[in-house]
1. Taking the 0 to 90 degree range and rounding to the nearest ten, how far is the long axis of helix 118-130 tilted relative to the main principal axis of the chain, both from C-alpha atoms?
2. Test of understanding: ordering SER72, SER246, SER48, SER21 by Cβ neighbours within 10 Å, fewest first, what list do you get?
3. Compute the angle between helix 136-146 and the longest alpha-carbon principal axis of the chain, please, reported from 0 to 90 degrees and rounded to the nearest 10.
4. Quick check on the chain: helices-only [θ] at 222 nm, where DSSP H runs of length 4 and up contribute -39,500 (n - 2.57) each and the sum goes over total residues. Nearest 500, please.
5. Could you list which residues have their amide H under 5 Å from that of VAL97, counting only those 5 or more apart in sequence or on another chain, with H placed in the peptide plane?
6. Sorting check: for 39-47, 146-154, which peptide has the highest mean count of neighbouring beta carbons within 10 Å, and how do the rest follow?
7. Taking the Cα atoms only, what angle lies between the long axis of helix 174-185 and the longest principal axis of the chain, rounded to 10 degrees?
8. Relative to a virtual label point 7 Å from the Cα of ASP127 in the Cα→beta-carbon direction, which members of the range 62-76 show backbone nitrogen distances below 19 Å?
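Coordinate-derived values only; no laboratory data. Remember, it's a predicted structure, so these values are computed and weren't measured experimentally. Note that we place each Cβ from the backbone using ideal geometry, even for glycine, and neighbour counts take in every protein chain shown.
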Amino acid sequence: MSPGAIRYRIRVGRWIPIARSAYRIIDMPTPHDLIRAAIAVLPNSVVSHEAAAELHGIGRVRRGLAVVSVHSRTTHAFPGITIHRNHDLTLAHVETVGDLPCTTVPRTVIDLAGILHPKHVARIVDDLITQRRLSVEQLSKVLEDVARRGKPGCTAVRALLEKRGVGPERNASVLEIRGLRVLSNGGLPAPDLEYAIPWNSTRRFDASYPQWHIAIEWDSRRWHGGHDAFEQDRERDRSALLHGWSVYRFTWKDVTERPEHVVETIRSAIDRARRANRTDTR
């Protein structure tokens with residue numbers, strides 16, 4: 001079509017310019033229509049943020065938004081589309097959903113962390129991990145890829161992982177350290193750490209008072225390991241009961257918001273075990 005023919009169609013309103021060398025010739029009434037058009041027109045654009053969450057079926061995120069990401073060096077605009085610009089979106093962070101290029105689930109979570117409240121993101125992440133659609137390792141890997149000073153969302157995701165006891169040092173997680181501090185501040189004796197389970201030496205309790213057959217688990221590893229670890233932990237708890245041990249599990253909320261509950265629970269367990277020992281001695 002000649003330039004004159006194009007100018008004529010624009011002049012009479014049959015074509016509406018939306019980007020360089022791109023025109024709207026039919027209505028685009030839905031966000032999905034807009035997204036498809038933007039992907040076709042904007043160089044190397046990718047569905048991202050809320051729109052990516054909708055494509056992936058991620059809950060707790062607004063629906064019906066048209067959002068794409070493009071490289072930060074571009075200056076493109078597109079009517080009806082929210083455009084995010086970045087320079088750290090690699091091929092490893094993109095997959096095809098339907099027939100559209102879209103950020104992967106872990107990258108989508110990182111992007112959402114830059115625009116949503118941290119508590120909101122935490123609920124999304126917990127849902128995805130419980131559904132076995134996201135692993136901590138995947139999320140940590142993308143965080144390592146994109147983390148830089150001033151990058152929106154990175155601090156929130158890093159704090160999210162740390163609060164749940166996930167970090168580079170498995171045996172000295174934030175949750176475990178704070179839990180042990182709670183026990184100490186409550187005047188309780190120091191427990192044995194990483195105590196080998198007597199009937200299964202290949203596995204360990206996070207902390208233990210073996211003289212009273214009391215075990216403590218800081219409940220971040222279930223979240224870390226997903227469904228299989230959850231089932232294994234419950235099997236271990238049942239075995240402990242059969243061997244005369246009591247296992248007490250405490251979460252991040254217990255340790256940070258109800259430390260007195262943690263202390264009182266363990267103190268009561270120790271007192272009960274001591275009374276039972278005295279009775280057995282008599």
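1. So the inclination is approximately 80 degrees.
2. Starting with the residue having the fewest Cβ neighbours, the order is SER21, SER72, SER246, SER48.
3. With both axes taken from Cα atoms, the answer is about 50 degrees.
4. Computed mean residue ellipticity for the chain: -14500 deg cm²/dmol.
5. Long-range HN contacts for VAL97: CYS102.
6. 39-47, 146-154
7. 30 degrees
8. Counting backbone N atoms under 19 Å from the label point, the list is 62-67.
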